[in-house]
Each structure stands twice: as C-alpha cells, then as structure tokens.
Amino acid sequence: MQTAQTDRSTGVEPTIAVRGLWKIFGPAETKISGSPLLELSNSEFRLQTGSTIAVRDVSFDVRAGEVFVVMGLSGSGKSTLVRCLTRLIEPSLGQVLLDGEDIRAADQERLRELRRRRFSMVFQNFGLLPHRRVIDNVAFGLEIRGDARGPRLARAREMCELVGLGTYMDSFPEQLSGGQQQRVGLARALAGDPEVMFFDEPFSALDPLIRRDMQNEVIRLHHEVGKTMVFITHDLAEALKLGDHIVIMRDGRIVQAGSPEELVGAPADDYVADFVQDVAKANILTLRWIMRPALPDDELDGPEFPPTTIIRDALSVAAQTEKPIRVVEGDQLLGVVDRRQILGAITGPDGIPE
C-alpha cells in the first residue's frame, strides 16, 4: 500500500500522523487485534464475522499549514476516517498523533480540551442554533469553553468580518442563504483559533455556484490564517482545486497518495486513472512534469520559466516562439519544454483536446 508518509518523507514532524488505523463495525471489533482474519477481503471478512471493515490499515502524514484532502466515492471510508481522527467514532486499531500526542490515549476530559482548543470541525449539516443570532452562533464554542462574554463576542465579530458576514451578525440562521449559513459554520470553527480544521463534505448540499464560492472562500481563508486543514470530499474537481496533498480511498484503503500533479500525471492504478481521465492536464501539471533534458542542438536562448509553472500559464509564450522554453531553478537549467510537449499535455496521447 502506498502511504503519504512514504511519498512525502521530509524529515519534518507532521502535525497529524496516522499509523495503521482500522475501524471495524460489528461484533468482531473487540477481538480482532492480531487476528489473521484482517487479511481477508472486505466481503470475506463480512461473511465470516458479520462485521464490516470501514477503514483498513490507513497511514498518512499531514504537515503544518497544508490542505490535506481525503477523496473517495460513497462507501470508501473517508467520512468514517475523519470521524476517527477526532474520535467522534472510536478507531478499532492504530494511532492518531497530534503533534506527537496519541489522541486515542486521551481520556474524556483531555479529549474535550482538544476539541475545544486544538481542532474544530465543519460539517455538511451546518448545525446552527436557530434561536441565536449569527454572532452568538459564532461565539457558541467560546462560550462552552468558558471564555468571558466581552472577549468571545469581540472574537466572534472579528471572525464574522473575516468570512464576509459583517453585515449579518444580528441576523438569525433562517434569514441566511445556504452559503451564508456555511460561512457561519466556518466562522464558528475559526473562532477558537484551532490548530487543525476538519471539513466533512461541507459544501456537497450547496448548489454549484455557491459551492464554487465556498471553495474559493476556503482557499482565501487558508492563505489568510494559515490553518492546517483536512478536507473530505467525493468530488475530484474540488479535491484538485483545494488540496496541497490528496489521498484517494477505496473500500477503506488508501489507493494513492500525493500531490494533485502526481495523481493526474501518474495514477497508481486503473481505478485512479478512471477518476482523472477527464481532467485537463494542462491546468494541473507543471513544466517540471513534462520537461526533457536539453540536447546539443537545442537553442538555449528562449523563454525561461521556473519548474513550478502550470503548463497553461506557459501556453501563450510557447505559441510565440520556435525555441524551447528553458526550465530554470535558481541558476540551474533543469530541462527544456518544446511545443510538441506542450501540445501533448493539452491534447492527450490521441490528439484529442482534454
């Protein structure tokens, strides 16, 4: 199994480290540790034990300040996984480490403290209190943890302004649109200044235009506040738009982990390849991905781009010159990209526009 830890070994301590995580629903859960039954397929396991494996031996790292996306279709285990990370569902086996602290070992008092101060969650169901104003909904978590009224309302006002609800602070939830209600959920999650924010398909019930706006809002907020975010989605376009790193799940397993570029450019198997086959590669892949070594007869006085340049951003320049684009990092020439490679990235192997 490919894991995020293997793919992204950086030597830097991750904010979240998940190790060998399992979640089993059913009577077999309490007696499964070390059992050879864990080697069975999901269907065989269910037949022999009457139990279901929802998350199977999952391991990955989430680095500080990144948006880490867990993607999969319905039944893949992604929502169960994120609930295990916060112990809304108790994992069956494995470790969930937050800055080295095993969350599974926390007693109920410590777990409440972690939920109030270290991480927060944003769900598809907004969960707003209908009888409270927007500002009071945003401040609710601070009230629960015992913050004084003055400071918590000041913090709530600040968060309302941050998410664009400054003129709606005295409104009630029923007076807001779906997108505005989800902004209240974002503001409430941010109010406690958590280290990690978990998003469980928060925008799937919104119409496409509002969903796009909320995705852009998450990107903006991430740039402004720099929170570590774990985002669950079944939508590949959403995953590619938001994610610094992505894991794709199937039947409780991680089938591939990596950057959006790695998933699109080098799918691990046919399942991932089917997911990404309709993605416009020129909008995802960088020049580093398609460059080739410079040859002796190449003219090396053409345009220059860094290797992180998205292919689409080099299209207009490539169309205006016969010379290869030089891919340069610092003072080092890493390679070149010619028109043929650009065209291949745009049209795909059969010459059909992607």
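Every read-out reported here was derived from the displayed coordinates using simple, explicitly stated rules and does not represent laboratory data. All values reported here derive from a predicted model rather than from experimental measurement. Positions of Cβ are generated from backbone atoms using ideal geometry, with glycine treated the same way; all protein chains shown enter the neighbour counts.
So for the chain: antiparallel DSSP bridges make up what percent, rounded to the nearest 5?
Rounded to the nearest five, the antiparallel share is 55 percent.
For the chain, with a Gaussian network of springs between Cα atoms less than 10 Å apart, report the residue from LEU206, LEU343, LEU186 with the top mean-square fluctuation.
The residue with the greatest mean-square fluctuation here is LEU343.
What spacing in nm lies between the two simple spin-label points modelled at SER74 and SER177, each 7 Å away from Cα in the Cβ direction?
Each label point lies 7 Å from its Cα, and together they span 2.7 nm.
For the pair ASP193 and ASP170, what calculated FRET efficiency results from E = 1/(1 + (r/R0)^6), where r is the Cβ-Cβ distance and R0 = 25 Å, to the nearest 0.05?
According to the calculation, E is roughly 0.60.
Go ahead and set up a Gaussian network model of the chain, Cα springs under 10 Å, then flag whichever of VAL62, VAL184, VAL336 fluctuates most.
Of the options given, VAL336 has the highest mean-square fluctuation.
Kindly list the residues of segment 295-311 that lie in the label zone of ASP331, defined by a backbone N under 20 Å from the point 7 Å along the Cα-to-C-beta vector.
It comes to 300-302, 304-307, nothing else.
Provide the per-residue ³J(HN,Hα) series for segment 119-124, in order, calculated from phi with Karplus coefficients 6.51, -1.76, 1.60 and θ = phi - 60°, each as a whole number of Hz, with x at glycine and proline positions.
9, 9, 10, 10, 10, 4
What is the gain in length, in nm to one decimal, between ASN216 and ASP270 on full extension, counting 0.36 nm per residue of separation less the C-alpha to C-alpha distance?
Length gained, ASN216 through ASP270: 16.4 nm.
Over the chain, with a Gaussian network built from C-alpha contacts below 10 Å, which listed residue (HIS222, HIS234, HIS131) shows the highest mean-square fluctuation?
Per the Cα network of the chain with a 10 Å cutoff, HIS131 tops the list.
Express in nm, to one decimal, how much length is gained between SER43 and ALA64 on full extension, taking 0.36 nm for each residue of separation and deducting their alpha carbon distance.
3.9 nm
Once you place label points 7 Å from the Cα toward the Cβ at GLU158 and GLU143, how far apart are they in nm?
Between GLU158 and GLU143, the label points sit 2.0 nm apart.
Could you point to the residue in ASN283, PRO27, GLY344 farthest towards the positive end of the chain's charge dipole, with +1 and -1 charges on the Cβ of Lys/Arg and Asp/Glu respectively?
PRO27
Only Lys, Arg, Asp and Glu count, each charged at its Cβ (+1, +1, -1, -1), so figure out the dipole size of segment 34-75 about its Cα centre, rounded to 20 debye.
The dipole of segment 34-75 has a size of about 120 debye.
Expressed in nm to one decimal, what extension gain is obtained for the pair ARG112 and ARG132 from 0.36 nm per residue of sequence separation less their Cα-Cα distance?
Additional length available on full extension: 4.9 nm.
Using the beta-carbon distance between ALA280 and ASN125 and R0 = 30 Å, what value does 1/(1 + (r/R0)^6) give for FRET efficiency, to the nearest 0.05?
0.35
Hey, which lysines would be in cross-link range of LYS31, C-alpha to C-alpha under 22 Å, not counting anything within fewer than 8 residues on its own chain?
LYS23
Between SER33 and GLU13, what FRET efficiency follows from the Cβ-Cβ distance if R0 is 25 Å, with the result rounded to 0.05?
Efficiency computed from Cβ-Cβ geometry: 0.35.
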